[in-house]
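Here the structure comes first, spelled out in structure tokens, and everything after it is commentary.
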Amino acid sequence: SEARRACMLPAPARARPLSSPSSPSLLTATNRHQGDAVRPLIRMGFGFVEVGGVTPLPQDGNPKPRCFRLTEDKAIINRFGLNSEGAEVVATRLKYTNSVRECHKEGTDSKGLHVDGAIGVNLAKNTASDDPYADFVTGMETLGPHVDFVVLNVSCPNVKWTDGMSKDAHGMESLVRAVTAARNDLGRLPGPALFIKLGPDMDDAEKEAMAKLAIKCEVDGLVVSNTTKTRPASLMSEHKGEMGGLSGPPVKELALQSVKDMYKLTNGKIPIIGVGGISTAEDAYERIRAGASLVELYTALAYEGPSLPARLNIELDALLERDGFNTVADAVGVDAKLAK
């Protein structure tokens, strides 16, 4: 139904909800490092696209080879190391993409290049930088004016500087407050929504600390979760021993549990974007029922191709109708038992 198709984050009043796409019931996203394929991705049927991670200055990332398909497992191990063309280059692309979208909203001829989904950027610091606060603030100042949401990438497993960030609650709070202040100084009302991207390998104490931080700093949402350093015994590919972050079906249960934990720890007060191992409508629906308001996918797109998002939208719509839900928001967290 059309009601199921027009879904937004069921966010608290303070949050800045993502723009609602015109067609997908499944609000999915993919991650494209340099911001050079946003429009084609949204036209595939994605409701939003997250670009990044983007660093303030250009950097090469880790040496090649740095991406490996685990074909037997339908998984990927990557150790890109946040290769980036830099914030200024990406900002130029996003500014143009955003202008095309605004033309569409105003009914101006945009030569068929319509962009009707939300656009976000994943911020990271330069590996050689000693000042994460300055780097993330620069990212917000440079890219924030051109996007609907900003994700703080503090959990990438392929760079050393993220090690221990989820254990440093005081440092994380200072970082979030600095970026929030930069967001508020952009001169946009509302400014872009602010999300924190968490990893799936956190222990219980780290999860609890990040949940408290999210509530205290009133972030607009959590992205749960990043790739994992762990290697399940079920992996069959010859590449299973490669260093880097593992994504795809082998990380599904770990990512799902992370969503369940963070939803309960925040008592459903902080919207969650569920990501990790989602390749079917059933996977997406399970993540939504566990507490995710939106879902992302990337590895599945590499294996299934460009028809995947449209197919998942149709199939998720059928699952919602089967269970009597009028919107995605109605199904969020229904399997969770929250404290009263």
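The values are calculated or read from the model by the stated rules, or taken from the named source; none is laboratory data. Here the structure is a predicted model, which means the values were calculated and not measured. We place every Cβ from the backbone using ideal geometry, glycine too, and count neighbours over all the protein chains shown. Please note that ligands, DNA and RNA were not included when accessible areas were found on the heavy atoms of the full protein model with its side chains. Shrake-Rupley method; radii C 1.70, N 1.55, O 1.52, S 1.80 Å.
Hey, among the residues in the range 34-75 that are open to solvent by less than 30 Å² (accessible area, probe 1.4 Å) and acidic (Asp, Glu), which one's modelled with the lowest pLDDT?
The qualifying residue modelled with the lowest pLDDT is Glu50.
Every residue in the range 166-207 that is within 20 Å of Val275 (Cα to Cα) and at pLDDT below 90, please.
Of the residues in the range 166-207, the ones within 20 Å of Val275 (Cα to Cα) are 166, 193-204, 206-207.
Selection gives Ser166 alone.
Which is under 24 Å from Asn62 (Cβ atoms) and either of a type outside the set (S, T, N, Q) or at pLDDT below 85 (or both), of Asp130, Asp148, Asp116, Asp109? Step through it out loud before you land on a result.
Details: Asp148 fails: under 24 Å from Asn62 (Cβ atoms); Asp116 fails: under 24 Å from Asn62 (Cβ atoms); Asp109 fails: under 24 Å from Asn62 (Cβ atoms).
Step by step, each of Asp130, Asp148, Asp116, Asp109 is checked, and only Asp130 is under 24 Å from Asn62 (Cβ atoms) and either of a type outside the set (S, T, N, Q) or at pLDDT below 85 (or both).
Spot the failing condition for Met262; the list is (1) under 22 Å from Lys340 (Cα atoms); (2) surrounded by fewer than 21 Cβ atoms within 10 Å (Cβ to Cβ); (3) not charged (D, E, K, R), and only one is missed.
The number of the failed condition is (2).
Here are Lys229, Lys167: which of them is more than 20 Å from the chain's Cα centre (by Cα), of a type outside the set (Phe, Trp, Tyr) and either within 22 Å of Gly81 (Cα to Cα) or open to solvent by 10 Å² or more (accessible area, probe 1.4 Å) (or both)? Even if it seems obvious, please write down each step before you answer.
Numbers: Lys229 fails: more than 20 Å from the chain's Cα centre (by Cα).
Only one candidate qualifies: Lys167.
If I filter the range 39-94 down to residues being in a loop (DSSP other than H, G, I, E, B) and acidic (Asp, Glu), which single residue comes out as farthest from Gly305 (Cα to Cα)? Steps first, answer last, please.
First, pick out the residues of the range 39-94 that are in a loop (DSSP other than H, G, I, E, B): 44-47, 55-58, 60-66, 74, 79-83, 85-86.
Still in the list and also acidic (Asp, Glu): 60, 85.
Details: Asp60: 27, Glu85: 26 Å.
Only one residue fits best here, namely Asp60.
Sort out which residues of the range 279-307 are under 19 Å from Ala118 (Cβ atoms) and in contact (Cβ under 8 Å) with a residue 40 or more places away in the chain, and write them in order of number.
Here is the first cut: in the range 279-307, the residues under 19 Å from Ala118 (Cβ atoms) are 284, 287-288, 292-298, 301.
Across the range 279-307, the qualifying residues are Ala284, Ile288, Ala292, Ser293, Leu294, Val295, Glu296, Leu297, Tyr298, Leu301.
Would you check if Ser99 is modelled with pLDDT under 80 and surrounded by fewer than 24 Cβ atoms within 10 Å (Cβ to Cβ)?
Working: modelled with pLDDT under 80: no; surrounded by fewer than 24 Cβ atoms within 10 Å (Cβ to Cβ): yes.
When the stated conditions are applied, Ser99 does not pass them.
Run down Glu304, Glu296, Glu315 and say which single residue is surrounded by 20 or more Cβ atoms within 10 Å (Cβ to Cβ) and under 25 Å from Arg43 (Cβ atoms).
On the way: Glu304 fails: surrounded by 20 or more Cβ atoms within 10 Å (Cβ to Cβ); Glu315 fails: surrounded by 20 or more Cβ atoms within 10 Å (Cβ to Cβ).
Only one candidate passes the filter, namely Glu296.
Name the pairs whose Cβ atoms lie under 6 Å apart, with the first residue in the range 75-103 and among the acidic types (Asp, Glu), the second modelled with pLDDT of 95 or more, and 6 or more positions between them or separate chains?
What qualifies is Glu85/Pro58.
Kindly provide the set of residues from the range 76-92 that are open to solvent by 60 Å² or more (accessible area, probe 1.4 Å) and hydroxyl-bearing (Ser, Thr, Tyr), ordered by number.
The one that is open to solvent by 60 Å² or more (accessible area, probe 1.4 Å) and hydroxyl-bearing (Ser, Thr, Tyr): Thr92.
Table: residues versus (1) more than 22 Å from the chain's Cα centre (by Cα); (2) closer than 12 Å to Val275 by Cα.
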| position | (1), (2) |
| --- | --- |
| Ala233 | yes, no |
| His239 | yes, no |
| Gly244 | no, no |
| Ser247 | no, yes |
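So Pro250 fits all but one of (1) over 22 Å from Leu213 (Cβ atoms); (2) surrounded by fewer than 23 Cβ atoms within 10 Å (Cβ to Cβ); (3) in contact (Cβ under 8 Å) with a residue 60 or more places away in the chain; what number is the exception?
(2)
Looking for something closer than 26 Å to Lys264 by Cα, at pLDDT below 95 and among the hydrophobic types (A, V, I, L, M, F, W, C) - is there at least one such residue anywhere in the range 299-316? Steps first, please.
Initially, the range 299-316 is screened for residues closer than 26 Å to Lys264 by Cα, giving 316.
After this cut, where a residue has to be at pLDDT below 95 as well, the list is 316.
In the following step, the residues that additionally are among the hydrophobic types (A, V, I, L, M, F, W, C) were identified as 316.
Yes; the residues of the range 299-316 include at least one that is closer than 26 Å to Lys264 by Cα, at pLDDT below 95 and among the hydrophobic types (A, V, I, L, M, F, W, C).
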